[in-house]
Amino acid sequence: MRHILIDTDTGSDDAVALVMALNNSKISIEAITIVAGNIPVEQGLQNALYTVDLCNKKTPVYLGEGKPLKRPLRTSEFFHGQDGLGDIGLDLKGRKATEGNAIDIIIEKVYQLGNNLEIVALGPLTNLAIAIKRDPRIISKIKNCFIMGGTAFGPGNITPFSEFNFWVDPEAAEIVLQSGMKITMIDWDATKKYAWFDSKTIKSINKINTPLSKFSMDIQNNPKKYKKKKYGNETIELADPLAMAIALDPSIVMESKKYNVKINLSNEEHRGENILNEKGKKNTTIILKASRKKFLDIFKKSLT
Ligand code: RIB
Ligand code: CA
């Protein structure tokens, strides 16, 4: 049995990734920890608790950091909706977090599981960076850290240079990437290539016709509206589900390569940008090619 801890900022794509994990019988989700990003951390907590309830699970969900290490918090309600899940009227309030703090739980779970804990990070890396700083001994114990973040080669999605998670908290991303932890980075380039959902793909998901397939597409309401307004078509990209799928089934990966990746912290316009270096200590495995078919198969299977 694999033991997974998911760190998330529970926006409309994170929630689908959570469903994929919650419905996977081959893994044990040790904890879900919440970080500020798409929406304030308190809303991210409610969205994760709602999703756990929807999947009829009792997975513990812990509140984490409410702001980046150094920068003011910048959220993305413009994309995910005010409530982070598409503003479709879901009851996203009043649920209680599990007693405890996200950072403490990350450290506790690493020690509890020895070298068997894998982390899937779907939001800004603030929680993980603080945990590493507080107890650097966990770095070598974490079996693998799958990170949705960055954009290795192509343009960003929040600025021309940067992907949202690394842009929100670039200092945290730099701490995690330079830590020496075993990192697999599923970036925005891979997301655009393999995790796009045009109207035909969305229709095929809706045909599954289960409460979870309905939920996973209904909460894309705002992203679809945003894309239509900005680009004239409703095709959306689901970054976190691709990262989760690769974490759940690494055979989806067809090609990857190790790089030395640094984060640009030096100027505001390029904050969060990935600086790749073929030389230097290779600290990150970047996904270069993946099977869209396998991704969609695992995606659809998790919604039945
Ligand atoms: O850039 C995409 C990432 O930023 C995803 O994790 C999405 O949920 C947002 O957090
Ligand atoms: Ca996310």
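The values are calculated or read from the model by the stated rules, or taken from the named source; none is laboratory data. Predicted model only: the values in this text are computed from it and were never measured. Don't worry about glycine lacking a Cβ; one is built from the backbone with ideal geometry, like all the others, and counts go over all protein chains shown. Heavy atoms of the whole protein, side chains included, go into the accessibility calculation; ligands, DNA and RNA do not. Shrake-Rupley method; radii C 1.70, N 1.55, O 1.52, S 1.80 Å.
Points to keep in mind about this one:
- Counting only protein heavy atoms and using a 1.4 Å probe, the accessible area of S179 comes to about 30 Å².
- Extents of the stretch 32-156, largest first, come to 43, 39, 24 Å (Cα atoms, principal axes, whole angstrom).
- Among the trypsin sites (Lys or Arg not before Pro) in the stretch 90-139, those located in a DSSP loop and surrounded by at most 10 other Cβ atoms within 10 Å of their own Cβ are K96.
- Sites excluded, GluC sites (Glu not before Pro) in DSSP loops with at most 13 other C-beta within 10 Å, longest stretch of the chain: 100-277
- Counted over the stretch 1-132, the DSSP beta bridges are approximately 0% antiparallel.
- Coarse-grained scattering of the chain at q = 0.13 Å⁻¹, given as base-10 log I(q)/I(0) from a Debye sum over alpha-carbon atoms: -0.84
- The share of Cα pairs per 10 Å bin across the stretch 255-304, counted from zero up to the longest distance, runs 23, 29, 25, 21, 3 percent.
- Across K203/K224; K58/K96; K141/K258, pairs whose alpha-carbon gap is larger than 18 Å: K141/K258
- With every protein chain in place, the stretch 119-185: carbon and sulfur % of accessible area (1.4 Å): 56
- Solvent accessible area, Å² - Y50, 1.4 Å probe, full protein context: 40
- The chymotrypsin sites (Phe, Trp or Tyr not before Pro) of the stretch 136-177 that DSSP puts in a loop, and whose beta carbon has at most 13 other beta carbons within 10 Å, are F153.
- Kirkwood-based Rg to Rh ratio, the stretch 189-250, C-alpha trace: 0.98
- From largest to smallest, the equivalent ellipsoid semi-axes obtained for the stretch 16-81 from the alpha-carbon gyration tensor read 24, 13, 10 Å.
- Of K193/K262; K214/K262; K200/K294; K93/K200, pairs whose Cα-Cα distance is over 28 Å: K214/K262; K93/K200
- Taking Cα centre as origin and charging only the Cβ of basic (Lys, Arg, +1) and acidic (Asp, Glu, -1) residues, the dipole magnitude of the stretch 1-140 rounds to 360 debye.
- 10 °C / 1.306 mPa s Stokes-Einstein diffusion coefficient of the stretch 141-214, Kirkwood radius on C-alpha pairs, µm²/s: 111
- Tail weight of P(r) past 20 Å, computed on alpha-carbon pairs of the stretch 214-304, percent: 57
- Of the Cα atoms belonging to the stretch 149-290, the radius of gyration and Dmax stand at 16.3, 49 Å.
- Between the alpha-carbon centres of the stretch 241-304 and the stretch 26-92 there is a gap of 22 Å.
- In the chain, a dipole from Cβ-located charges (positive for Lys and Arg, negative for Asp and Glu) runs towards its positive end, and of N267, T126, V19 it is V19 whose Cα lies farthest in that direction.
- When the convex hull of its Cα atoms is viewed from all sides, the stretch 96-173 shows a mean projected area of 6.1 nm².
- Debye log10 I(q)/I(0) at q = 0.21, 0.23, 0.26 Å⁻¹ for the stretch 81-132, Cα point scatterers: -0.91, -0.97, -1.05
- Mean separation of Cα contacts under 8 Å, 6 or more apart, over the residue count of the stretch 18-116: relative contact order %: 32
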